1. Regarding the stretch 172-180, can at least one residue be identified that is more than 20 Å from residue 197 (Cα to Cα) and open to solvent by less than 10 Å² (accessible area, probe 1.4 Å)?
2. Filter the stretch 336-352 down to the residues that are assigned to a helix (DSSP H, G or I) and open to solvent by 60 Å² or more (accessible area, probe 1.4 Å) and list them by number.
3. Determine which single condition residue 197 fails, assuming it passes every other condition in (1) crowded, with 22+ Cβ neighbours inside 10 Å; (2) on the phi > 0 side of the Ramachandran plot; (3) of a type outside the set (A, V, I, L, M, F, W, C).
4. Taking the stretch 119-149 only, how many residues are open to solvent by 10 Å² or more (accessible area, probe 1.4 Å), of a type outside the set (Gly, Ala, Ser) and part of a loop (DSSP other than H, G, I, E, B)?
5. Any idea which of (1) open to solvent by less than 40 Å² (accessible area, probe 1.4 Å); (2) in contact with a Gly (Cβ under 8 Å, 6 or more places away or on another chain); (3) of a type in the set (A, V, I, L, M); (4) outside any loop (DSSP other than H, G, I, E, B) is the one residue 292 doesn't satisfy?
6. Restricting attention to the stretch 299-312, does a residue exist that is closer than 24 Å to residue 217 by Cα and within 20 Å of the chain's Cα centre (by Cα)?
7. Take the residues in the stretch 108-118 that are of a type outside the set (S, T, N, Q) and over 21 Å from residue 170 (Cβ atoms), then tell me which one is surrounded by the most Cβ atoms within 10 Å (Cβ to Cβ).
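The values are calculated or read from the model by the stated rules, or taken from the named source; none is laboratory data. Being a predicted model, the structure only gives us computed values, none of them experimental. Cβ placement follows ideal geometry from the backbone for every residue including glycine, while neighbour counts extend to all protein chains displayed. All accessible areas refer to the heavy atoms of the entire protein, side chains included, with ligands and DNA or RNA removed. Shrake-Rupley method; radii C 1.70, N 1.55, O 1.52, S 1.80 Å.
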Amino acid sequence: MRARELSARPRDAVGGAPRRSLTAGLRGWGGVGAMAVLCALALSLVLLLPLTQPHTAGTPVGIGGQRAVKGTQAKASDCKEDTAQNRSLSPSGASGATIDAIKKRGYLIVGVDQNSYRWGYLDPNDPAGEPEGFDIDIVHAIARDIFGSDDAQYIQYRSIPTDQRIPAVTGHRVDMVVRTMTITCARLDDVTFSAPYFETGQQVLAPVNSTIKGYDKTLAGKKVCSAATSTALQHLNDDKKSGKIPASTDISTVVPSQLDCLVRLQLGEVDAVVTDGALAASQAAQDHTVELKGPAFTTEYYGVAMNKSAKDLVRRVNRVLENYRSSGAWKNSYDTWLAQTLGKDSKSAVPPTAHYQG
């Protein structure tokens with residue numbers, strides 16, 4: 001029996017944005033209690049179904065079409081962190097074993113976040129409980145390309161905590177993860193990414209009245225929260241060892257999903273959160289008692305994560321993203337969901353340029 005499908009609202013043919021305007025902000029969320037309920041909901045939905053992909057890691061994938069390129073993605077061992085986002089496969093509209101299996105099944109299985117405001121979340125003011133946000137618009141664009149429609153029957157969402165994104169992909173429990181996932185060399189050892197679809201960087205989120213000024217000496221003696229397997233946690237560990245942040249900074253609070261950090265912050269259990277600035281800005285929009293402290297201290301790129309065996313799907317997603325950028329759909333989605341918190345003139349307001357290898 002298939003798990004409960006979370007219905008998805010039909011989108012405009014161009015732009016992927018919802019036909020109704022966003023009406024709910026943080027103040028409609030009911031504070032900490034509502035978010036705690038949402039966290040529990042997300043955890044209860046995690047990885048409900050058994051393995052669904054019929055292919056294995058060794059399954060050959062047919063590649064063709066006018067932009068198809070034979071070859072394999074460069075080894076992650078040769079990867080450099082500042083160019084990790086440039087290592088995806090060239091776009092192609094051809095089908096192969098993975099796409100054929102998805103079409104035969106009849107729907108796309110996508111790992112998403114259902115608690116990240118304006119990225120992938122359930123609007124509490126929407127009685128249908130339909131996921132929406134910037135990442136969800138990309139899911140709809142991919143479904144439209146594969147099935148010719150993004151109606152609810154063609155998309156099945158699975159709520160994936162931060163620390164389960166890679167296991168969900170490598171275990172074939174989802175076809176892809178579209179969940180504010182940074183492309184890194186370490187992750188390229190386990191999964192394949194699309195070309196980048198968003199640029200961001202790590203920042204500090206703390207109470208408005210906090211003495212913390214940013215990712216600097218003002219973190220001394222402070223308790224900082226981050227999500228397991230996140231790039232934030234990696235930077236905190238590395239930078240504490242190198243002395244970039246004070247040795248007295250307590251980075252021991254590590255949670256399964258990033259939103260849990262915001263709840264800990266609201267409860268006064270931690271002094272600050274380190275996470276992607278794009279996510280932090282949306283969380284500050286939810287709760288006006290917290291704000292971003294200091295500038296971003298890294299440059300990172302989000303990508304769609306897929307199984308290493310799914311080369312045809314990677315190429316197809318890259319073609320979708322090419323069209324998504326050039327058609328203006330990316331910009332429409334950004335203006336709908338993110339411009340209010342990130343600004344219309346920030347570096348995040350322009351889709352990153354795609355470069356391919358293989």
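1. Checked the stretch 172-180: no residue is more than 20 Å from residue 197 (Cα to Cα) and open to solvent by less than 10 Å² (accessible area, probe 1.4 Å).
2. Kept after step one, since they are assigned to a helix (DSSP H, G or I), are these residues of the stretch 336-352: 336-337, 339-342, 347-349.
Of everything in the stretch 336-352, those that are assigned to a helix (DSSP H, G or I) and open to solvent by 60 Å² or more (accessible area, probe 1.4 Å) turn out to be 340, 347.
3. (2)
4. 5
5. The one condition residue 292 does not meet is (1).
6. The answer is yes, given that some residue of the stretch 299-312 is closer than 24 Å to residue 217 by Cα and within 20 Å of the chain's Cα centre (by Cα).
7. Kept after step one, since they are of a type outside the set (S, T, N, Q), are these residues of the stretch 108-118: 108-113, 117-118.
Now narrow it down to the ones that are over 21 Å from residue 170 (Cβ atoms): 117-118.
On the way: 117: 27, 118: 24.
Among those residues, the one meeting the criterion is 117.
For every residue, the table says whether it meets (1) over 17 Å from residue 93 (Cα atoms); (2) modelled with pLDDT of 95 or more.
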{"residue": "283", "(1), (2)": "yes, no"}
{"residue": "289", "(1), (2)": "yes, yes"}
{"residue": "301", "(1), (2)": "yes, yes"}
{"residue": "307", "(1), (2)": "yes, yes"}
{"residue": "313", "(1), (2)": "no, yes"}
{"residue": "322", "(1), (2)": "no, yes"}
{"residue": "331", "(1), (2)": "yes, yes"}
